[in-house]
1. Taking the range 40-60 as the region of interest, how many residues are open to solvent by less than 70 Å² (accessible area, probe 1.4 Å), within 18 Å of Asn18 (Cα to Cα) and not hydrophobic (A, V, I, L, M, F, W, C)?
2. What do you reckon, is Asn32 at pLDDT 90 or above and either part of a loop (DSSP other than H, G, I, E, B) or open to solvent by less than 80 Å² (accessible area, probe 1.4 Å) (or both)?
3. Does the range 69-88 contain any residue that is touching a Pro at 6+ places or on another chain (Cβ under 8 Å) and not polar (S, T, N, Q)?
4. If only one of Lys23, Lys63 is within 17 Å of Lys73 (Cβ to Cβ), open to solvent by 70 Å² or more (accessible area, probe 1.4 Å), in contact (Cβ under 8 Å) with a residue 40 or more places away in the chain and in a strand (DSSP E or B), which one is it?
5. Here is a list of conditions, (1) open to solvent by 70 Å² or more (accessible area, probe 1.4 Å); (2) in contact (Cβ under 8 Å) with a residue 60 or more places away in the chain, and Phe7 meets all of them except one; can you say which number that is?
6. Which pairs turn up if I take residues in the range 77-89 that are assigned to a strand (DSSP E or B) and open to solvent by less than 90 Å² (accessible area, probe 1.4 Å) and look for partners that are modelled with pLDDT under 90 and of a type in the set (Phe, Trp, Tyr) with beta carbon separation below 6 Å, at least 6 apart in sequence or on another chain?
7. Within the bounds of the range 50-70, is there any residue that is modelled with pLDDT of 90 or more, farther than 16 Å from Lys13 by Cα and under 10 Å from the mean Cα position of the chain (by Cα)?
Amino acid sequence: MLNQCIFVGRVQKIESFNSEVLKVTLDIITNNDNHNKIGIEIPDKMIDESYIRKGNLMGIKAKVSSSDAQTYKFIAERLTVLGVKDDEA
């Protein structure tokens, strides 16, 4: 059984961080300029604050998790920084 999804988008919001997980919101723009906001949990062992910043373009491979088949969460398994927001621009 395969449980993987891939998201590419800009970090819109860094929601919360505790000792186990960082929650971020990605803004994903589709071909017809619709904005989709996806919440993703990043385990602490994958967190590098120098790359996970608001405005950065990220590629995230994640798995889907649900305990009740009503509420779903996406848990990152791999992160790739595709573009860093230039603070000087």
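1. Within the range 40-60, the first condition is being open to solvent by less than 70 Å² (accessible area, probe 1.4 Å), and the residues that meet it are 40-43, 46-48, 50, 52, 55-60.
Filter again for within 18 Å of Asn18 (Cα to Cα), leaving 40-43, 46-48, 50, 52.
Those left that are additionally not hydrophobic (A, V, I, L, M, F, W, C): 41, 43, 48, 50.
Here the count works out to 4.
2. Numbers: at pLDDT 90 or above: no; either part of a loop (DSSP other than H, G, I, E, B) or open to solvent by less than 80 Å² (accessible area, probe 1.4 Å) (or both): yes.
No: the conditions fail for Asn32.
3. At the first step, the residues of the range 69-88 found to be touching a Pro at 6+ places or on another chain (Cβ under 8 Å) are 75-76.
Within this subset, residues satisfying the condition of being not polar (S, T, N, Q) are 75-76.
Yes, the range 69-88 contains at least one residue that is touching a Pro at 6+ places or on another chain (Cβ under 8 Å) and not polar (S, T, N, Q).
4. Numbers: Lys23 fails: in contact (Cβ under 8 Å) with a residue 40 or more places away in the chain.
Checking each option against the conditions leaves just Lys63.
5. (1)
6. From the range 77-89, the pairs are Val81/Tyr51.
7. yes
The values are calculated or read from the model by the stated rules, or taken from the named source; none is laboratory data. The structure displayed is predicted, hence computed values, not measured ones. So basically every Cβ, Gly included, is an ideal-geometry build from the backbone, and we count neighbours across all protein chains shown. We work out accessible area using only protein heavy atoms, side chains counted, and drop any ligands, DNA or RNA first. Shrake-Rupley method; radii C 1.70, N 1.55, O 1.52, S 1.80 Å.
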